[in-house]
Amino acid sequence: MNNPWNDSLNFLKKMTLRRGWNFAIVVASYYVTRLLRKPVQWGLPVMLSIEPTTACNLRCPECPSGLRAFTRNTGNLKTDFFRRVVDELHPDLLYLYFYFQGEPYIHPQFLDMVRYAHERNLYTVTSTNGHFLDDARARQTVESGLDRLIISVDGTTQETYAQYRIGGQLEQVLQGARNVVAWKHRLKSKRPHIIFQFLVVRPNEHQIEDLYRLAKEIGVDAVKLKTAQVYNYKHGNPLIPTRERFARYRQLPDGSWAPRNSLNNHCWKLWHACVVTWDGLVVPCCFDKDATHRMGDLKTAPFREIWQDSAYRNFRRQILKGRSAIDICTNCTEGCKVWA
C-alpha cells in the first residue's frame, strides 16, 4: 500500500477560505438544528453526488441498475448541464462524487467531465465495477485529474465474485486496476487514490484476508470493507454475512430480522450533501434510488433556491420528527458503516 497521507493532503489542498467558511456554517447549522429540534440550514452542500448514467453492464441482485428495475426515467448526463451545475456550485463545493446508480465509465464523456471539475479544483471521486479500465482509459483516468477511484472487488476468485457481480469478470477488473497503477507510475502521479471496495456478503466473507493480500500485490492504495444493504431482510437473506461485525441486520428472538443499529432522528448527510440524477432531479441522499423524494429540478430552478425551498425544509423537519416514518430511512444506518 502507498502512503495514506497523500490522499488526505491532496484533499486539503482543495480547501479555500470560501469553502472552509461554507463547511463551518453547514456544521454549525446541523448542531443548531439538533439543539433546537427544528431545521436550520446555513450554507451550501460540501459534497455533491451526480449521476453520469443509469446504465450498467452487470446485473447485481441488490441494485436497481443491475435489476433493470427503475421506475424513474433512465439515461445519460448531458455535459452542458453538468458544466452549468458545477459552475454554480464549485466556489462553495469541495467534494464531487461521480456516482449514484449505473456504471460511470459507460458515459462516453465521463472523463471529460472529471477533467472539467478538476480544473475547478474540486476533489473528484468515482465508483466503478472496473470493467472499462483498459490501457487507454486507465491513462485517461490518471490524466483527467481524478482524485479517488473506488473499484468494486467483491471476491478474490471468479466463482465467488460472480455470485454477486453477475455477468462480471474478476480478472478483467484486476487487470484494470493494474493498468491504472502502471499509468500512475509512468506519469509520476499520486492520483487517483485507488481503493478496492469489498461489499461483504455471505458468499465472500471468507475471502476478506485474501483481498488485502491481492490489493498489496497489485499496488492499490487502500481496502475498504462495506456492509451490504439488502431489500428483503425481514425473513433473513442469503446475502447477510454470518460474521456479525459485517452485517447491517440482526436476528430478533421471534426469528425475524431488523437493522442492527437504531434510527436516530437526525441525519448529517441531509445537511452537508445531496444527489443530482442524470436528468437534474435533486434528491436527499443515495438511498432514494428511484428519486421518489424530489426536492426540486435543476432544469427549472437554480440549486440555491432548491436547497432552501419548502420541499427541503419539510423533509428535514420530517427527519427530526422520526426517520422510521420515511421509507428510504428505514434501511439506513446513517451511514453504512465501513471498516478499513
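The values are calculated or read from the model by the stated rules, or taken from the named source; none is laboratory data. Since we're looking at a predicted model, the values are computed, not measured. Note that we place each Cβ from the backbone using ideal geometry, even for glycine, and neighbour counts take in every protein chain shown. With ligands, DNA and RNA removed, areas are computed over all heavy atoms of the protein, side chains included. Shrake-Rupley method; radii C 1.70, N 1.55, O 1.52, S 1.80 Å.
Give me the base-10 log of I(q)/I(0) for the stretch 6-137 at each q in 0.13, 0.17, 0.22 Å⁻¹, Debye formula, one uniform scatterer per Cα, rounded to two decimals. For the stretch 6-137 at q = 0.13, 0.17, 0.22 Å⁻¹, log10 I(q)/I(0) is -0.67, -0.99, -1.22.
Here the ratio of the Cα radius of gyration of the stretch 199-303 to 2.2 N^0.38 Å is 1.41. Amide H contacts for Ala55 (H built 1.01 Å from N in the peptide plane; partners 5 or more residues away or on another chain; cut-off under 5 Å): Gly75, Glu103. Using only the Cα atoms of the chain, each taken as one equal point scatterer with no solvent, compute I(q) by the Debye sum, divide by I(0), and report log10 of the ratio at q = 0.16 Å⁻¹. So the normalised log intensities are -1.61.
Per residue, what volume in Å³ does the Cα convex hull of the stretch 127-250 take up?
On the way: hull volume 12.5 nm³, N = 124.
Given the Cα convex hull of the stretch 127-250, per-residue volume reads 101 Å³.
For Tyr249, nonlocal amide neighbours, meaning residues 5 or more places apart or on other chains whose placed amide H falls under 5 Å from its own, are Arg260. For the chain, adding -39500 (n - 2.57) for each run of n ≥ 4 DSSP H residues and dividing by the number of residues yields -10500 deg cm²/dmol at 222 nm.
So, for the stretch 125-246, what is the accessible surface per residue at a probe of 1.4 Å, expressed in square angstrom? Mind dumping the intermediate values first?
Values: 5210 Å² over 122 residues.
Per residue, the stretch 125-246 has an accessible area of 43 Å².
Label point of Ala136 set 7 angstrom out along Cα-Cβ; within the stretch 98-122, amide nitrogens under 16 Å from it belong to 105-112. In order along the stretch 85-96, the Karplus-derived 3J(HN,Hα) couplings, from 6.51 cos²θ - 1.76 cosθ + 1.60 at θ = phi - 60°, round to 5, 5, 4, 6, 9, 4, x, 9, 6, 10, 10, 10 Hz, and Gly and Pro are given as x.
What are the trypsin sites (Lys or Arg not before Pro) within the stretch 177-222 that DSSP puts in a loop, where the Cβ has at most 11 other Cβ atoms within 10 Å? Intermediate values should be presented prior to the final figure.
Values: sites: Arg178, Lys184, Arg186, Lys188, Lys190, Arg213, Lys216; in loops: Lys188, Lys190.
Here the trypsin sites (Lys or Arg not before Pro) that fit, given the DSSP loop and packing criteria, are Lys188.
Excluding same-chain neighbours fewer than eight residues apart, the lysines reachable from Lys321 by a Cα-Cα span under 21 Å are Lys38, Lys269. From the P(r) of the stretch 69-173, could you give the percentage of C-alpha pairs in the tail past 22 Å? Tail fraction, whole percent: 38.
What percent does the relative contact order of the chain come to when contacts are Cα pairs within less than 8 Å and at least six residues apart?
On the way: 636 pairs, mean separation 62.1, N = 340.
Answer for the chain is 18 percent.
Could you please state how large a percent of the accessible area of the stretch 192-340 is carbon and sulfur, counting protein chains only and using a 1.4 Å probe?
Numbers: 3320 of 6670 Å².
Within the stretch 192-340, the accessible surface is 50 percent carbon and sulfur.
Each 5 Å bin, from zero up to the one with the longest distance, holds this percent of the alpha carbon pairs of the stretch 62-114: 4, 15, 25, 23, 17, 11, 4, 1. Between the amide H of Arg202 and those of Ile240, distances stay under 5 Å, these residues lying 5 or more places away or on another chain, with hydrogens modeled in the peptide plane.
Distance between the 7 Å Cα→Cβ label points at Trp5 and Val27: 2.1 nm.
Taking a straight Cα-Cα cut-off under 22 Å and skipping sequence neighbours fewer than 8 places away in the same chain, the lysines within cross-link reach of Lys190 are Lys13, Lys14, Lys216, Lys224. Of the chymotrypsin sites (Phe, Trp or Tyr not before Pro) found in the stretch 47-105, those in coil by DSSP whose Cβ has at most 16 other Cβ atoms within 10 Å are Phe70.
Of the solvent-accessible surface of the stretch 93-185, computed with a 1.4 Å probe over protein heavy atoms with every protein chain present, carbon and sulfur atoms account for 46 percent. Solvent-free Debye calculation, one equal scatterer per alpha-carbon of the stretch 249-288: log10 I(q)/I(0) at 0.27, 0.29 Å⁻¹ equals -0.91, -0.97. Rounded to the nearest 0.05, what FRET efficiency do Trp42 and Gln109 have when you use their Cβ-Cβ distance and R0 = 45 Å? Efficiency, from the Cβ-Cβ distance: 0.85.
If you count the DSSP beta bridges with both ends in the stretch 1-126, what percent of them are antiparallel, to the nearest 5? Spell out each step's value before the answer.
On the way: 1 of 9 bridges.
Of the beta bridges lying entirely in the stretch 1-126, close to 10 percent run antiparallel.
For the chain, the antiparallel share of DSSP beta bridges with both residues in that region comes to about 25%. Identify the trypsin sites (Lys or Arg not before Pro) of the stretch 224-253 meeting these criteria: DSSP loop state and at most 13 other C-beta atoms within 10 Å of the C-beta. Those that pass, being in a loop and sparsely packed, are Lys234, Arg243.
Return a whole-number percent for the relative contact order of the stretch 52-181, with Cα pairs under 8 Å and 6 or more residues apart as the contact set. Before the final figure, lay out the partial values.
Details: 205 pairs, mean separation 33.2, N = 130.
Relative CO of the stretch 52-181 lands at 26 percent.
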